[in-house]
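Accompanying notes for the structure given below.
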Amino acid sequence: MASPVGPKESKSNLRVLIVDDHEALRAGVRTVLETHEIEVCGEASNGREALAKCRELRPDLVILDITMPVLDGLSAAREISKQLPGVGILLLSMHESATMVNVAKSSGARGYVAKSEGIGRLLKAVDAIAHNQTFFPN
């Protein structure tokens, strides 16, 4: 019997775009997601690329760094929310202040995880957003 041709099916129907200006971080997040059978449909290194990739790839979720060149993550989140309101946005950032979390909420993001937090927290945030919930620090 011939094997099926085409992309590998994931258990989750969730398609994720990873956006960060650090290639190593993108690779690490990709590995974590794919290990948990979540499809990574693409990557981008700045907010402008993220907008273009969102229009092209139509991901379900964008994991978006806040501090990036060309177009920062907060501005990109606002634009993605306007142009593609069905796309979930999870901000992943080195900033851990309550002020930044509030700014993230106002940008259209549905979740926020500090980069200093563990992989388990990232996966919980992805799962929450995939189930139309929000995920912000208390």
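What follows draws every value from the coordinates through simple rules; no lab data is involved. Here the structure is a predicted model, which is why all the values come from computation and not from measurement. Cβ coordinates were reconstructed from backbone atoms using ideal geometry, including for glycine residues, and neighbour counts include every protein chain displayed.
Among the residues of region 40-57, those that are under 9 Å from Leu17 (Cα atoms) and surrounded by fewer than 22 Cβ atoms within 10 Å (Cβ to Cβ) comprise Val40, Cys41, Gly42, Glu43, Lys53, Leu57. Kindly establish whether Leu90 is closer than 22 Å to Asn13 by Cβ and out of contact with any strand residue (DSSP E or B) (no Cβ under 7 Å at 6 or more places or on another chain). When the stated conditions are applied, Leu90 does not pass them. Does Val101 satisfy the condition of being closer than 17 Å to Asp72 by Cβ and touching a Pro at 6+ places or on another chain (Cβ under 7 Å)? Yes; evaluated as a whole, the condition is true for this residue. Here the condition is being among the polar types (S, T, N, Q), buried (at least 21 other Cβ atoms within 10 Å of the Cβ), without any contact (Cβ under 8 Å) to a residue 40 or more places away in the chain and out of contact with any Cys (no Cβ under 7 Å at 6 or more places or on another chain); of Ser81, Ser75, Ser93, Ser106, it holds for Ser93 alone. Taken together, the residues in region 104-125 that are part of a helix (DSSP H, G or I) and either hydrophobic (A, V, I, L, M, F, W, C) or under 25 Å from Cys41 (Cα atoms) (or both) amount to 9.
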